[in-house]
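Q: To start, I am sharing the structure in question, which I have written as C-alpha cells.
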Amino acid sequence: MPEFDEELNEDIEEFDVLDDAPVVISKVTSITNELDIAVAAWHEEGRWTLGILPDPVDIAQIITSLKSQQTNGGAIALISIDEEFFILIRVLGSHISLFLSDVTCALDYPVAEELLDIADIEMPEEDDDPNPIGQLDILSDLGMNGMELSALCDDDELFPDEQLEAIANRLGFGDQFAELLEL
C-alpha cells in the first residue's frame, strides 16, 4: 500500500497548486456527475454518524477519509455512480474491503476500473454478465449477509441510490441516510 499513499500525496500537492485558480477548480468539480453520491458512515458509542464525502470518484481520498474515522466497527463508504452501479468500501483497522455491484461497469467508468485495480481483480470482458464482485460479506458482521447484498444487486427495479438506501435501512441508519441526501 505504500505506492498508493505516495500517489495520494502527489494528488494533494497538485490540489494545493490549484487553490489560486478558481476557474480550474470549477472545471475539476464539474467532472463529478450531479447524480453521483458518496456517504461515509461509522458506528461509535451506540449510534451511527454519517457525512457526505466530497468526491465520489476519488477512491484514494475516500479510503483516506474512512481511515480517519477509526471506530470498533470501522467506517463504510456507500457510493452511487451515474445511476448505474454502487460501490461499498469498508476500512476496519488496516483492512480495506471493496465491493462493486456490477463488474461490467469497469469497462465504462474509470472509478470502477480503479476499484478493480486496487482489489487486484481482473477487468471483465465485453460479453461478461453484470455480476457483483469483491467482498460479498463486507457487511456481514453488521447484519447484512452476502446473499442479501447479492439479491439487492440483482434487483433491476432499483436504482443504485435506492439500493444504498436499502443497505442503510438494513444496517440501521436509513433515516439519517435519506435525510442527509434529501431522498
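No lab work stands behind these numbers, since they all come straight from the coordinates. Note that this is a predicted model, so its numbers are computed, not measured. Cβ coordinates were reconstructed from backbone atoms using ideal geometry, including for glycine residues, and neighbour counts include every protein chain displayed.
Q: With a Förster radius of 30 Å, plug the Cβ-Cβ distance of Asp175 and Asp108 into 1/(1 + (r/R0)^6) and report the FRET value to the nearest 0.05.
A: Values: r = 33 Å, r/R0 = 1.11.
According to the calculation, E is roughly 0.35.
Q: Hey, what do the phi angles of region 123-129 turn into as Karplus ³J(HN,Hα) couplings, whole Hz, using 6.51/-1.76/1.60 and θ = phi - 60°, x for Gly and Pro?
A: 5, x, 8, 4, 9, 5, 6
Q: Between Leu139 and residues 5 or more places away or on another chain, which pairs have amide H atoms under 5 Å apart, with H built 1.01 Å from N, and which residues are they?
A: Sorted by chain and number, the residues that satisfy this come to none at all.
Q: With +1 assigned to the C-beta of every Lys and Arg and -1 to the C-beta of every Asp and Glu, and no other charges, what is the dipole magnitude of region 33-181 about the Cα centre in debye, to the nearest 20? Numbers along the way, then the final one.
A: Details: 4 positive and 33 negative charges, 242 e Å.
Result for region 33-181 is approximately 1160 debye, rounded to the nearest 20.
Q: How big is the charge dipole of region 106-183 about its Cα centre, in debye rounded to the nearest 20, if each Lys and Arg gets +1 on its Cβ and each Asp and Glu gets -1 on its Cβ? Mind dumping the intermediate values first?
A: On the way: 1 positive and 24 negative charges, 106 e Å.
Computed charge dipole of region 106-183: roughly 520 debye.
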